[in-house]
Protein chains: 2
Amino acid sequence: MANQPIGFLDSGVGGLTVVKEALRQLPHEDIVFIGDQARLPYGPRPASQVQEFTWQMVQFLLKKDIKMLVIACNTATAAALEMIKPKLDIPVVGVILPGTRAAIKATQNNQIGIISTEGTYKSQAYVKALHDRNAQLKVTSLAAPKFVPLVESNEFDTPLARKVVAETLAPFKQTAIDTLILGCTHYPLLRPLIQEYLGDDVRLIDSGAETVSEVSVLLDYFKLANLNTDRLATAEFYTTAAPEMFDLIGSQWLGLNDLKAQQVHLEKEITD
Amino acid sequence: MANQPIGFLDSGVGGLTVVKEALRQLPHEDIVFIGDQARLPYGPRPASQVQEFTWQMVQFLLKKDIKMLVIACNTATAAALEMIKPKLDIPVVGVILPGTRAAIKATQNNQIGIISTEGTYKSQAYVKALHDRNAQLKVTSLAAPKFVPLVESNEFDTPLARKVVAETLAPFKQTAIDTLILGCTHYPLLRPLIQEYLGDDVRLIDSGAETVSEVSVLLDYFKLANLNTDRLATAEFYTTAAPEMFDLIGSQWLGLNDLKAQQVHLEKEITD
């Protein structure tokens, strides 16, 4: 079972920020990734629809014989993680608890900010997870609905992006947060602009990157890790949209020149 | 079960570096700690004896109705973790894999150093764990047998300590390591001197502190976390030696003015 791949899913290219860390920290693990670009953004969709779309991607990944599932999307984690977990007999990992833990570890003044999609914001999943673990935390949560479209259209380092980042994050200037959770796996692509606006004293938490630590813990705990193999690990990428934009952003972000995603039609795939 | 304490064990006060992070990151969790000061250091002892002593502490902690066991000692983890795990029906966590993961996450040039007790050094547990997870790593491992006695005698910020640190770590100056694993839970008390000697470009990995991240992952995964309670969490400390030195070092290190450890006689306890 240790030789089977780990499955990652996201609404689009955001989950690649998790895959990037997996490639670096777990270089012997095979990876299968699927992004539902044809139907993004997930943020404004009702939770029931996010559950339905996520479950379709889970069924696609299960056909790839994955040994572990990573929901590399905060919106899908908030809406669907607890629904999916009991249905699978492999470990299922979301991105919200890893981000929560990393923020609690990082903060020195117990004042934490969160930015996320509207769906994650409305679920209050981060606020609850933080307060469950430390009732003393002062938490400020904001929705940043314009960020995902900027990333998916490859405009994440443009003057427009700088303007949107400043407008969206302005309320944090009225707080004393020393830690900000990037509560959407798309946001690390905007990290330079976010750090520039908030200044170096605010520690940014990449919930996706932290998720790889949890993946590693569970691989070891359940003896699923693919230990020191001479075989080169593989990474397969699938998208529900035309793959050109995925290949462009993915190649840049992962530093893989030959990244070629395959387009899949989920409704068709899962009824085959 | 979520209300039960987490059990920590060590050869002495070193495990308090793990407890310190647990108190900070998991403020709603009760803690029971035992240090086997009467029989330290564990480093020079044969593995079979470390297993025997560790198992006595495990039996003591099981009587305290713990929900999870943390072997907060690298020497005991190397010698006894795999022996203990299958015997208990609660999650068991060691300190070697968390330190391994954190080092892999931190290194930029894939050159990692390790310092540890002779017992951990001889076991090659870190070297194997690192290479299992990334065959490309260049690893330099050293034993630092004089460090534990310095810490346990409360001499960890003396001129003698500075001299011993410099002599012990000199071989690393011939390497290009950018990350050093403090492969014994006592060593973080020597951290300022180690950092001073190696310079700010070498990232020090506190394997104990990283262990709390793994504890948190497993508490959540197995739904064992003691979530947002109004009750103040408790911490109990036991030592097998006279408690004066334990109280002195523990109070300073944990910032708990009223820390009072109770002395226990393990051989007697476990046959009661």
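The values are calculated or read from the model by the stated rules, or taken from the named source; none is laboratory data. The shown structure was predicted, so the numbers you read here are calculated from the model rather than taken from an experiment. Methodologically, a virtual Cβ is constructed for each residue, glycine included, from the backbone with ideal geometry; neighbour enumeration extends over all protein chains shown. The accessibility values were calculated without ligands, DNA or RNA, using every heavy atom of the protein model including side chains. Shrake-Rupley method; radii C 1.70, N 1.55, O 1.52, S 1.80 Å.
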Review point. Is it the case that A:Gln136 is of a type in the set (S, T, N, Q), in contact with a strand residue (DSSP E or B) (Cβ under 8 Å, 6 or more places away or on another chain) and open to solvent by 50 Å² or more (accessible area, probe 1.4 Å)?
Key: no
Review point. When only residues in segment B:244-269 that are outside any loop (DSSP other than H, G, I, E, B) and open to solvent by less than 40 Å² (accessible area, probe 1.4 Å) count, which is farthest from B:Phe156 (Cα to Cα)?
Key: B:Leu266
Check your understanding: Only one of these conditions is not met by B:Val151: (1) within 14 Å of chain A (Cβ to nearest Cβ); (2) modelled with pLDDT under 95. Which number is it?
Key -> (1)
Check your understanding: Do we find that A:Phe172 is assigned to a loop (DSSP other than H, G, I, E, B), in contact with a Leu (Cβ under 9 Å, 6 or more places away or on another chain) and of a type outside the set (Asp, Glu) in this structure?
Key -> no
Review point. On the given criteria, is B:Gln49 within 14 Å of chain A (Cβ to nearest Cβ) and either out of contact with any Ser or Thr (no Cβ under 6 Å at 6 or more places or on another chain) or assigned to a loop (DSSP other than H, G, I, E, B) (or both)?
Key: no
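Conditions (1) closer than 26 Å to A:Ile177 by Cβ; (2) of a type in the set (D, E, K, R); (3) surrounded by fewer than 24 Cβ atoms within 10 Å (Cβ to Cβ); (4) modelled with pLDDT of 95 or more, marked per residue:
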| site | (1), (2), (3), (4) |
| --- | --- |
| A:Ala72 | yes, no, no, yes |
| A:Ala76 | yes, no, no, yes |
| A:Lys85 | no, yes, yes, yes |
| A:Val92 | no, no, yes, yes |
| A:Lys105 | yes, yes, yes, no |
| A:Asn109 | yes, no, yes, yes |
Exercise for review: Determine, yes or no, whether A:Lys128 is closer than 18 Å to B:Leu218 by Cα, at pLDDT 95 or above, open to solvent by 10 Å² or more (accessible area, probe 1.4 Å) and within 14 Å of chain B (Cβ to nearest Cβ).
Suggested key: no
Practice item. Working carefully through the options B:Leu193, B:Leu137, B:Leu160, find the one that is under 20 Å from the mean Cα position of the chain (by Cα) and not hydroxyl-bearing (Ser, Thr, Tyr). Key: B:Leu193
**Study point:** Output for segment A:23-43, where each listed residue is touching a Ser or Thr at 6+ places or on another chain (Cβ under 8 Å) and either farther than 30 Å from B:Ala135 by Cβ or of a type outside the set (A, V, I, L, M) (or both)
**Key:** A:Gln25, A:His28, A:Asp30, A:Gly35, A:Asp36, A:Gln37, A:Ala38, A:Arg39, A:Leu40, A:Pro41, A:Tyr42, A:Gly43
Review point. What number of residues in segment B:66-93 are assigned to a loop (DSSP other than H, G, I, E, B) and either within 10 Å of chain A (Cβ to nearest Cβ) or in contact (Cβ under 8 Å) with a residue 60 or more places away in the chain (or both)?
Key: 5
Practice item. Scan segment B:10-45 for residues that are touching a Gly at 6+ places or on another chain (Cβ under 9 Å), modelled with pLDDT of 95 or more and either acidic (Asp, Glu) or outside the structural domain of B:Gln56 (by TED's automatic domain parsing) (or both) and report the count. Key: 2
Review point. Out of all the residues in segment A:1-39, which are of a type outside the set (S, T, N, Q), in a loop (DSSP other than H, G, I, E, B) and buried (at least 24 other Cβ atoms within 10 Å of the Cβ)?
Key: A:Gly12, A:Val13, A:Gly14, A:Gly15, A:Glu29, A:Asp36
Study note, to complete from the structure: Quick count over segment A:142-169, residues being of a type in the set (Val, Ile, Thr) and either open to solvent by 50 Å² or more (accessible area, probe 1.4 Å) or not in a helix (DSSP H, G or I) (or both), is 1
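For every residue, the table says whether it meets (1) within 14 Å of another protein chain (Cβ to nearest Cβ); (2) free of Cβ contacts under 8 Å to residues at least 24 places away in the same chain.
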| residue | (1), (2) |
| --- | --- |
| A:Glu167 | no, yes |
| A:Ile181 | no, no |
| A:Thr185 | no, no |
| A:Arg191 | no, yes |
| A:Gln195 | no, yes |
| A:Thr211 | yes, no |
| A:Glu236 | no, no |
| A:Phe246 | no, no |
| A:Lys268 | no, yes |
